[in-house]
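Worksheet for the structure shown next.
The values are calculated or read from the model by the stated rules, or taken from the named source; none is laboratory data. What you are looking at is a predicted structure, and each value in this text was computed from that prediction instead of being measured. Note: ideal-geometry Cβ built from the backbone for every residue, glycine included; neighbour counts use all protein chains shown.
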Amino acid sequence: MKISETWLREWVNPKMDTDALCSALTMAGFEVEEAAEDSDGLQPDKILEISITPNRGDCLSVRGLAREVGAITNQTVVPVKIIEAVKKCRDVIPVHVADVAACPHYVGRIIHGIKSDAATPVWMQERLRQCGIRSIHPIVDVTNYVMLELGQPMHAFDLHKINEGIEVRLSKKGEKITLLDDTTRELDDNTLVIADHKTPLAMAGVMGGLDSGVTPATRDVFLESAYFAPAVVARQRQFYNLASDSAYRFERGVDTGIQRLAIERATALIMEIAGGDAGPIIEASTHEALPKKREIRVTDDRIQHLLGVSVSSVEVKRILTALGFGCKRESDKWIVLPPSWRFDISLPEDVIEEIARLHGFDKIPMQPMTGLLRMPEKIEEGQSYAHLRQALSAQGFHEIISYSFIDTKMQAMLDPGAPYREILNPITAEMSVMRTNLWGGLINTLIYNKSRQQHRVKLFEIGACFLPQDGGVVQVQKLAALISGSNLPDQWGADDRKVDFFDLKGGLNTLLSGIYPGLTITYQVYHHPALHPGQTAEILLSGQKVGLIGAIHPSIVQKMDLKERAYVYELDLTALPKPAVPAYAEISRFPEIRRDLAILVNETIPAQVIQDTIEMSAGDWLKECFIFDVYQGQGVASGNKSVALALVLQHPSRTLVDEEVVALTDRVVQALKGQLGAELRS
């Protein structure tokens with residue numbers, strides 16, 4: 001925020017030098033930069049560029065900054081003298097607020113007979129210019145000046161462009177408005193607008209409409225000064241991708257008790273500059289909908305405990321009074337009532353922070369940290385994700401941490417039909433929805449890396465997903481992984497091959513079997529609209545569904561211009577059992593025996609079913625069963641496939657003899673034939 005040094009000093013102490021002023025603002029917690037300013041022949045001045053933290057919307061004005069400087073330097077703030085306008089006419093227009101929660105206080109006034117040849121005084125033009133605002137029209141300049149001076153955004157309408165009255169309401173879906181930036185916006189059904197009985201005139205708190213604004217031909221105006229709920233203004237500014245000085249202030253919180261004062265100040269300036277006859281103030285207020293003032297109780301012990309130093313009662317009262325807080329003493333505690341402009345004060349810790357700030361951090365002695373350190377007991381069955389991270393890192397995956405919010409369009413692509421929760425005050429328009437799965441962050445990271453010539457990408461993320469349920473939101477921890485590009489780094493010893501579904505599935509098997517060695521991992525065909533219909537499966541751990549695995553749907557690959565196929569899986573960590581406790585098992589000293597089988601079986605029978613059938617019939621001597629070849633083509637009947645399997649047998653306490661191996665193999669062959677219709681391939 002840019003502000004004239006002279007303007008600020010007028011409110012506190014005209015004789016205060018620049019260094020003292022900057023020092024006070026720095027002590028208030030703001031970063032300050034000063035720059036020399038040539039005021040085009042006027043009194044030389046300096047411009048202060050002040051970085052206001054997001055929680056201090058009350059300091060986005062000369063009045064707010066002056067309060068801080070006055071409190072820190074223990075000087076009395078001298079506000080500008082505002083005199084109520086003499087009401088020379090009785091004209092009013094109807095004002096109706098339909099959404100009192102979004103606009104609990106609305107103030108307006110008609111001014112007739114503005115001079116057509118009026119010009120903004122040079123001193124006002126200069127102050128606006130020094131603050132980064134260009135002069136437009138005397139009426140508009142006055143509303144901007146009052147916003148900078150008092151912190152209350154205002155708007156002026158051409159009275160003759162208002163049809164029958166003012167209504168503050170939610171827009172109707174499909175309504176259109178042309179804004180002051182000359183863009184036309186089609187409104188949804190959740191936008192707060194200032195309207196007449198025919199059409200929207202302004203987007204409340206964000207920007208006025210072009211068709212209802214003042215022009216050089218305007219002679220009668222309707223001034224508006226209102227309080228709009230911060231969340232409402234923030235939502236529509238983000239939704240329509242707009243920016244304005246008014247929205248910047250409203251979404252941080254405007255003083256709820258300044259609307260009448262601001263309209264009186266603006267009226268006085270307009271009548272001084274452009275003449276006119278002012279009418280009575282028109283006011284619509286719903287006190288119950290205004291932000292509630294809440295008493296905060298702060299004990300002496302709590303102050304000393306947090307600050308590490310005792311602050312006297314006299315000093316505490318001086319500080320709180322200087323900041324505009326109401327306070328009274330009760331026994332060993334303070335009853336504190338924050339002023340209407342301090343939206344950031346809600347906890348005892350907030351009040352104690354203010355005490356520390358004005359008392360002086362330099363007066364709080366440094367003390368070495370002390371504490372009783374104990375080695376916590378490590379429970380091997382406890383829920384921890386360290387083992388997952390280590391296992392995935394060992395497989396060559398890189399962990400990412402992404403925002404928990406994604407774009408609405410991406411959410412619709414990756415989890416269509418799933419309910420989701422929109423954010424009232426998103427960081428950007430691209431992060432307006434709370435994610436229901438982790439694939440969005442992985443895909444965005446994949447695109448980022450691919451655009452930087454990374455041709456082999458293996459990523460994973462562990463994070464929270466947010467699922468609407470029973471009117472609230474359930475937070476679920478999930479693990480997701482993605483692979484794309486080459487299977488191996490460039491090398492001379494192996495040909496380049498792109499990753500496929502089975503690369504990801506194999507890595508997942510390795511991950512789960514290492515953590516849950518006693519549980520069975522199976523896969524079943526599944527349909528998910530964001531995944532390839534022929535390469536998608538649900539992941540089952542001992543029969544319980546724990547996640548999904550598959551290839552990103554070709555349509556999404558094309559829409560997002562991924563260039564190459566990408567494969568993902570996602571595990572619901574809340575559905576996973578606790579990791580198995582490591583247990584000792586003696587390794588058999590007796591030799592393994594391997595027998596290979598080649599069978600002909602219907603091509604529709606999954607490999608997992610074949611292996612399960614073998615394991616059920618082979619018994620405890622079967623140590624491992626794996627497929628080492630699958631063939632279809634010449635010599636194999638149409639509709640069949642040839643599957644070659646290896647059976648690794650081992651007895652824990654003796655050597656197996658040939659007769660036992662033959663009997664076991666025959667039993668397996670009979671089970672395959674009887675249950676699956678398989679035949680040995682000759």
Which one of these is touching a residue at least 60 places away in the same chain (Cβ under 8 Å) and touching a strand residue (DSSP E or B) at 6+ places or on another chain (Cβ under 8 Å): ASP158, ASP189? ASP158
Restricting segment 224-278 to residues that are touching a strand residue (DSSP E or B) at 6+ places or on another chain (Cβ under 8 Å) and hydroxyl-bearing (Ser, Thr, Tyr), the residue that is farthest from GLY151 (Cα to Cα): TYR240
Has segment 7-15 got at least one residue that is surrounded by fewer than 16 Cβ atoms within 10 Å (Cβ to Cβ) and farther than 30 Å from GLY205 by Cβ? yes
Checked pairs for segment 15-36, first in a helix (DSSP H, G or I), second among the polar types (S, T, N, Q), C-beta under 7 Å and 6 or more apart or across chains, list as ALA24/THR73
Pick from segment 390-421 the residues that are closer than 17 Å to PHE466 by Cβ and among the polar types (S, T, N, Q): which of them is nearest to the chain's Cα centre (by Cα)? SER404
If I ask for residues that are crowded, with 18+ Cβ neighbours inside 10 Å and closer than 18 Å to PHE250 by Cα, which ones from segment 101-132 would you list? ALA102, CYS103, PRO104, HIS105, TYR106, VAL107, GLY108
Per the filter on segment 539-583, residues of a type in the set (Ser, Thr, Tyr) and closer than 23 Å to LEU511 by Cβ are SER542, TYR567, TYR569, THR574
Among the residues of segment 331-342, are any over 35 Å from the mean Cα position of the chain (by Cα) and among the aromatic types (Phe, Trp, Tyr)? yes
Test result for GLY639, free of Cβ contacts under 8 Å to residues at least 12 places away in the same chain and surrounded by fewer than 14 Cβ atoms within 10 Å (Cβ to Cβ): no
Hits in segment 197-237 (condition: of a type in the set (D, E, K, R) and closer than 14 Å to TYR248 by Cα): ARG235, ARG237
Would you check if there is a residue in segment 352-372 being assigned to a helix (DSSP H, G or I), more than 31 Å from the chain's Cα centre (by Cα) and without any contact (Cβ under 8 Å) to a residue 40 or more places away in the chain? yes
From the list VAL546, VAL568, which residue is crowded, with 19+ Cβ neighbours inside 10 Å and farther than 30 Å from ARG452 by Cβ? VAL546
Restricting the search to segment 427-442, which residues are surrounded by 20 or more Cβ atoms within 10 Å (Cβ to Cβ) and more than 22 Å from TYR385 (Cα to Cα)? SER432, VAL433, MET434
Of the residues ASN444, ASN449, which single one is in a helix (DSSP H, G or I), free of Cβ contacts under 8 Å to residues at least 60 places away in the same chain and within 23 Å of HIS528 (Cα to Cα)? ASN444
Pairs please, first residue from segment 288-304 and polar (S, T, N, Q) and modelled with pLDDT of 90 or more, second anywhere and in a loop (DSSP other than H, G, I, E, B) and surrounded by 13 or more Cβ atoms within 10 Å (Cβ to Cβ), Cβ atoms under 8 Å, 6+ apart in sequence or on different chains. GLN304/VAL311
Tell me which residues, restricted to segment 468-488, are of a type outside the set (Ser, Thr, Tyr) and touching a residue at least 40 places away in the same chain (Cβ under 8 Å). PRO468, VAL473, VAL476, GLN477, LYS478, LEU479, ALA480, ALA481, LEU482, ILE483, GLY485
Only one of ASP38, ASP117, ASP58 that is modelled with pLDDT under 90, among the acidic types (Asp, Glu) and not assigned by TED's automatic domain parsing to the domain that holds ALA274: ASP38
How many residues are assigned to a strand (DSSP E or B) and buried (at least 18 other Cβ atoms within 10 Å of the Cβ) if we restrict to segment 168-210? 17
In the set ALA464, ALA494, ALA418, ALA480, which member is touching an Asp or Glu at 6+ places or on another chain (Cβ under 8 Å) and of a type outside the set (D, E, K, R)? ALA480
Would you check which residues across segment 328-338 are buried (at least 18 other Cβ atoms within 10 Å of the Cβ) and more than 12 Å from ARG294 (Cβ to Cβ) and list them? TRP334
If you check every pair at least six apart or on different chains, which have Cβ atoms under 9 Å apart with a residue in segment 319-332 that is within 20 Å of ASP301 (Cα to Cα) and in the same structural domain as ALA66 (by TED's automatic domain parsing) first and a residue that is among the hydroxyl-bearing types (Ser, Thr, Tyr) and in a strand (DSSP E or B) second? none
GLN152, sole failed condition from (1) buried (at least 24 other Cβ atoms within 10 Å of the Cβ); (2) outside any loop (DSSP other than H, G, I, E, B): (2)
Please verify whether segment 547-570 includes one or more residues that are under 30 Å from LEU664 (Cβ atoms), of a type outside the set (Val, Ile, Thr) and in contact (Cβ under 8 Å) with a residue 24 or more places away in the chain. no
From the list VAL669, VAL648, VAL657, which one is among the aliphatic types (A, V, I, L, M) and without any contact (Cβ under 8 Å) to a residue 24 or more places away in the chain? VAL657
With criteria (1) modelled with pLDDT under 95; (2) at negative phi, LEU223 comes up short on (1)
